[in-house]
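So the structure is just underneath, and the comments pick up after that.
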Amino acid sequence: MTSTATRSRENTRARLLDAAAQVFAEAGLDGATVEAVCERAGFTRGAFYSNFESKDELFLTLAGTVAEERLNAVREQVTGMAAEGALGDADPVELVQRVMDAGGDDRLSVMLMSEIRIRALRDPAFGEAFLAQESELVASIAEIIRDIVDTGAIALRLEPDLAARLLMIAWEGMTVRGAMAADGEARLHDIASEALGRLVEALTV
């Protein structure tokens, strides 16, 4: 595949994902049909199915893209703090809150992940794909934790992989509750980062 064709395919996928996010915001996961996404993106069903096998794959990809963007922002924050020597100066709670400031949390992404989890519970095949994606996410979080531990800023009471899993569970639970409280996205983020900070405090030596 030529570079021009590759760029065109990447652009098509990006537009479909953007359209999927917009349609999801208006209609939810069940209401976001392939037809509605194609219409919003300005593509035919043929263009859709040349990039995604199904609506399920589209929304799993969208969820993975949202998570990866958040993780990339967190990685950049950690790298910047390490370069400034700021990792060693912060206590665990402050450290986590500063790192989480880079990621950002919003009500739409919380709703997307919540609906995807419900879909995964109902459909074993979809659930298997979701768990595989989640395992990759946990591995990425664990890698970030290892990078922080390697600086000497914190020492954990348990392995980074388990710490990553516990932090993700805590983040998921608190962001959902923050979204339910309807206190605004800033407050949603504060609730999640404070909970993670307290958990890290309990997990560090």
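The values are calculated or read from the model by the stated rules, or taken from the named source; none is laboratory data. All of these numbers come straight from a predicted model, not from anything done at the bench. All Cβ positions, glycine included, derive from the backbone under ideal geometry; neighbour counts span all protein chains shown.
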**Message:** Regarding the stretch 64-73, can at least one residue be identified that is of a type outside the set (Val, Ile, Thr), assigned to a loop (DSSP other than H, G, I, E, B) and either buried (at least 17 other Cβ atoms within 10 Å of the Cβ) or at positive phi (or both)?
**Reply:** no
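Yes or no, residue by residue, for (1) modelled with pLDDT of 90 or more; (2) within 22 Å of Ala86 (Cα to Cα):
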position	(1), (2)
Ile116	yes, no
Phe130	yes, no
Gln133	yes, no
Leu137	yes, no
Ala153	no, yes
Gly173	no, no
Ala186	no, no
Glu194	no, yes
**Message:** Please go through the stretch 18-56 and give me each residue that is among the polar types (S, T, N, Q) and either crowded, with 17+ Cβ neighbours inside 10 Å or more than 21 Å from Ser114 (Cβ to Cβ) (or both), ordered by number.
**Reply:** Thr44, Ser50, Asn51
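From the list Asp89, Asp123, exactly one residue is over 20 Å from Glu143 (Cβ atoms) and at pLDDT 90 or above. Which is it?
Working: Asp89 fails: at pLDDT 90 or above.
The match here is Asp123.
Here is a check on your reading of the model: is Arg9 over 20 Å from Ala120 (Cβ atoms), surrounded by fewer than 18 Cβ atoms within 10 Å (Cβ to Cβ), not assigned by TED's automatic domain parsing to the domain that holds Thr151 and not polar (S, T, N, Q)? Break it down stepwise before answering.
Numbers: over 20 Å from Ala120 (Cβ atoms): yes; surrounded by fewer than 18 Cβ atoms within 10 Å (Cβ to Cβ): yes; not assigned by TED's automatic domain parsing to the domain that holds Thr151: yes; not polar (S, T, N, Q): yes.
It is true that Arg9 is over 20 Å from Ala120 (Cβ atoms), surrounded by fewer than 18 Cβ atoms within 10 Å (Cβ to Cβ), not assigned by TED's automatic domain parsing to the domain that holds Thr151 and not polar (S, T, N, Q).
Taking the stretch 140-167 as the region of interest, how many residues are in a loop (DSSP other than H, G, I, E, B) and aliphatic (A, V, I, L, M)?
At the first step, the residues of the stretch 140-167 found to be in a loop (DSSP other than H, G, I, E, B) are 151-155, 157-159.
Add one more test, that the residue is aliphatic (A, V, I, L, M), and what stays is 153-155, 158.
Count: 4.
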**Asked** Looking at (1) part of a helix (DSSP H, G or I); (2) surrounded by 16 or more Cβ atoms within 10 Å (Cβ to Cβ), which is the only condition Leu87 fails?
**Response** (1)
**Item:** Scan of the stretch 37-63 for residues that are touching a helix residue (DSSP H, G or I) at 6+ places or on another chain (Cβ under 9 Å), not in a helix (DSSP H, G or I) and not hydrophobic (A, V, I, L, M, F, W, C), ordered by number
**Value:** Gly42, Thr44, Ser50, Asn51, Ser54
**Only one of Asp150, Asp161, Asp123 that is out of contact with any Gly (no Cβ under 8 Å at 6 or more places or on another chain), over 19 Å from Val99 (Cβ atoms) and assigned by TED's automatic domain parsing to the domain that holds Ala63** = Asp123
**Message:** Given the criteria under 30 Å from Asp101 (Cα atoms) and of a type in the set (S, T, N, Q), does Asn51 qualify?
**Reply:** no
